[in-house]
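Please treat every number below as a calculation from the coordinates, not as lab data. Nothing here was measured: the structure is a model prediction, and the numbers come from that model. Cβ: placed from backbone, ideal geometry, glycine included. Neighbour counts: every protein chain shown.
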Amino acid sequence: MKVINPRTGEADYQIAPLDATAVQAEAKRLRAAQPAWTALAPEERSAILHLWAEAVVAHRQPLLEALTLDTGRRRISEIEVDGLPGTIRRWADLAPRLIAQHSRDNQPSAHPTVRNSTRLVPYPLFGAIAPWNFPIVLSTIDAIPALAAGCAALVKPSEVTPRFIAPLMETVAKVPELAAVLSFIEGDAATGQALVDAVDYVCFTGSVATGRKVAEAAARAFIPANLELGGKDPMIVLESADPVSAAHLALRASIVATGQACQSIERIYVARTIYQPFLDALVEAAQKVRLNYPDIAMGDIGPFIFGPQGAKVQAQIDEAVAMGAKVFTGGSVETLGGGRYLRPTVIADATSDMGVVRDETFGPVLPVIAFDDVEDAIQQANDSVYGLSAAVIAATAEEAESVAVRLEAGAVSINDGSMTSMVWDAENSSFKLSGMGPSRMGESGLLRFFRLQALIRQTGAPLPLAAYAEDAPR
Ligand code: NAD
């Protein structure tokens with residue numbers, strides 16, 4: 001299967017997607033090693049995970065080169081690669097404490113002679129299916145706590161960005177105890193389907209359309225499906241906010257990673273009294289944003305990682321213009337050196353019937369909509385099938401929070417935007433079509449991988465059958 005380079009448009013890499021038989025074989029290998037992995041003390045698993053973190057540090061360069069080719073961007077690739085050892089160490093250090101805290105040994109019960117214990121029993125084989133927008137982060141975010149919990153892990157990154165898999169597997173190979181229970185595999189949609197059939201718990205990150213298919217397949221296989229899907233995050237800028245600083249942070253929260261982030265701000269509702277200074281500042285700042293072309297070492301945003309995404313975003317912009325919206329900056333996807341780029345596109349006079357306001361964009365596009373009444377802004381922000389995250393900007397955190405609590409979203413950034421990707425301990429659920437299942441952040445990120453087993457110990461005489469007889473003494 002050919003893989004396209006996002007900066008050149010050329011097919012300069014290829015993968016051999018695993019078919020269902022190969023996926024089953026890999027699952028069998030991992031399953032065979034999992035009992036020994038889970039039999040280790042949590043501290044022993046942690047020590048092994050720390051060795052993996054060291055191997056990742058030692059392999060930084062090849063990982064970074066591969067991920068940069070995968071995504072066409074360098075700074076965010078550095079953040080992904082350099083963040084991985086920290087994520088591994090964080091879960092390695094947290095897991096033993098959390099496991100101890102949630103396990104119960106020989107506790108009293110309401111029955112004087114009965115004691116009970118609670119054991120945390122990990123799902124044997126965890127599976128992850130990841131998208132292309134943050135390839136390393138989203139391939140490892142769930143697998144690391146699953147490993148710390150004692151699961152084996154089978155991970156399928158996106159076929160759009162597979163170059164990092166080989167160097168990452170080299171880091172895994174440096175730690176034989178881990179290599180026995182962790183595998184990143186090359187593959188496409190069919191490989192993903194086979195993975196769902198091979199594992200005991202699946203975490204899927206990607207689009208709603210594919211998420212539905214995974215949920216249906218998981219239901220048939222009778223395994224839990226933890227879904228992290230798309231979003232259409234609103235930002236509400238209240239009248240008390242400083243319009244210029246709000247514009248700057250809206251721009252950042254919207255266009256970082258070329259807007260290819262689930263938690264990107266994709267709709268901005270601004271109080272009409274500060275609408276004009278906000279829009280002026282936004283347009284001025286957006287005009288200064290540089291593409292990382294031709295020099296990848298310069299610039300603020302990169303190409304579309306998945307070329308066809310550019311056409312999808314262009315269609316949304318064109319439809320908005322045809323329906324009466326006004327484009328101030330950007331507006332046209334450019335092909336430069338074979339890659340597809342879009343400068344930040346600020347759109348005014350957008351309405352809720354336009355795709356650019358209603359559907360996920362996944363590009364650097366900022367529709368700005370004025371509101372007269374906060375109630376109306378809240379209603380418009382909630383008028384979406386998505387409920388991933390949101391942002392509210394005001395002069396004080398208290399004022400912003402009074403609006404935030406009324407938003408139908410799993411996480412709301414107060415006086416900032418898109419903070420879910422930065423704050424790993426804030427538990428959050430995805431509302432509506434944005435997802436299903438426990439939080440991947442915070443303690444739930446680990447605890448979701450355990451089933452609870454109760455050991456109920458009778459220390460006295462067991463009840464005789466006669467205790468249940470119709471004529472037993474009351
Ligand atoms: P996608 O749904 O097209 O693909 C995601 C993964 O699913 C890929 O690995 C793909 O090979 C696999 N896949 C495709 N069909 C499958 C099937 N039938 N069964 C099993 N696996 C299958 O998503 P994408 O375009 O790669 O990623 C972009 C989407 O991901 C956006 O909608 C974005 O919002 C979402 N996303 C969500 C989060 C979050 O945390 N909520 C984070 C990042 C991205």
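So what are the three principal axis dimensions of region 181-327 from its Cα atoms, in whole Å, longest to shortest?
For region 181-327, the Cα extents along the three principal axes come out at 55, 38, 35 Å.
In the structure displayed, which of Lys2/Lys232; Lys326/Lys432; Lys213/Lys326; Lys2/Lys432; Lys156/Lys213 lie more than 25 Å apart, Cα to Cα?
Beyond 25 Å: Lys2/Lys232; Lys326/Lys432; Lys213/Lys326; Lys2/Lys432.
Hey, what do the phi angles of region 457-465 turn into as Karplus ³J(HN,Hα) couplings, whole Hz, using 6.51/-1.76/1.60 and θ = phi - 60°, x for Gly and Pro?
Calculated HN-Hα couplings, in order: 9, 8, 9, x, 8, x, 5, x, 4 Hz.
Let me check against my output: what whole-number percent is the relative contact order of region 335-404, with C-alpha pairs under 8 Å and at least 6 apart? Spell out each step's value before the answer.
Values: 45 pairs, mean separation 16.4, N = 70.
RCO, region 335-404: 23 percent.
Relative contact order of the chain, please, whole-number percent, based on alpha carbon pairs below 8 angstrom and at least 6 residues apart.
Rounded, it is 17 percent for the chain.
Quote the charge dipole size of region 118-209 about the Cα centre in Debye, to the nearest 20; the model charges only the Cβ of Lys and Arg (+1) and of Asp and Glu (-1).
With only Lys, Arg, Asp and Glu charged at Cβ, the dipole is about 200 debye.
Taking the convex hull of the Cα atoms, report for region 167-246 its projected area averaged over all directions, in nm². Please report the intermediate quantities before stating the final value.
Values: hull surface 37.7 nm².
Projected area, direction-averaged: 9.4 nm².
Quickly rank 103-109, 280-286 as a protection proxy: mean count of other C-beta atoms within 10 Å, highest first.
280-286, 103-109
Amide H neighbours of Gly230 under 5 Å, at least 5 residues apart or on other chains, H built in the peptide plane: list them.
Val208
Helix-only estimate, please: 222 nm mean residue ellipticity of the chain, summing -39500 (n - 2.57) across DSSP H runs of length 4 or more and dividing by its residues, to the nearest 500.
About -13000 deg cm²/dmol.
Can you give me the C-alpha center-to-center distance between region 1-65 and region 103-144, rounded to a whole angstrom?
Comparing the Cα centres of region 1-65 and region 103-144, I get a distance of 21 Å.
Taking amide hydrogens as modeled 1.01 Å from N in the peptide plane, which residues meet the under 5 Å criterion relative to Val237, leaving out close sequence neighbours?
Hits under the 5 Å cutoff: Tyr269, Val270, Ala271, Ile393.
Rounded to two decimals, what ratio of Rg to Rh does the chain give with C-alpha atoms and a Kirkwood Rh?
Taking Rh as the inverse mean 1/r over Cα pairs, Rg/Rh reads 1.04.
What net charge is computed for the residues neighbouring Tyr341, neighbours being all others with C-beta under 10 Å from the C-beta of Tyr341, Lys and Arg scored +1, Asp and Glu -1?
+2
Three principal axis extents, largest first, for the C-alpha atoms of region 1-133, in Å?
Result for region 1-133: principal-axis Cα extents of 73, 35, 24 Å.
In Å³ and rounded to a whole number, note down the convex hull volume per residue for the Cα atoms of region 69-166. Before the final figure, lay out each step's value.
Numbers: hull volume 10.6 nm³, N = 98.
Dividing the Cα hull volume of region 69-166 by its residue count gives 109 Å³.
In whole Hz, what ³J(HN,Hα) sequence does region 84-101 give by Karplus (6.51, -1.76, 1.60; θ = phi - 60°), x for Gly and Pro?
Calculated HN-Hα couplings, in order: 4, x, x, 5, 4, 5, 4, 5, 4, 7, 7, 4, x, 5, 5, 5, 5, 5 Hz.
With only alpha-carbon atoms counted, please give the Rg and Dmax of region 390-474, in Å.
24.2, 73
For region 258-392, take N as its residue count and report Rg(C-alpha) divided by 2.2 N^0.38 Å.
On the way: Rg = 14.9 Å, N = 135, 2.2 N^0.38 = 14.2 Å.
Relative to the rule-of-thumb radius for its length, region 258-392 sits at 1.05.
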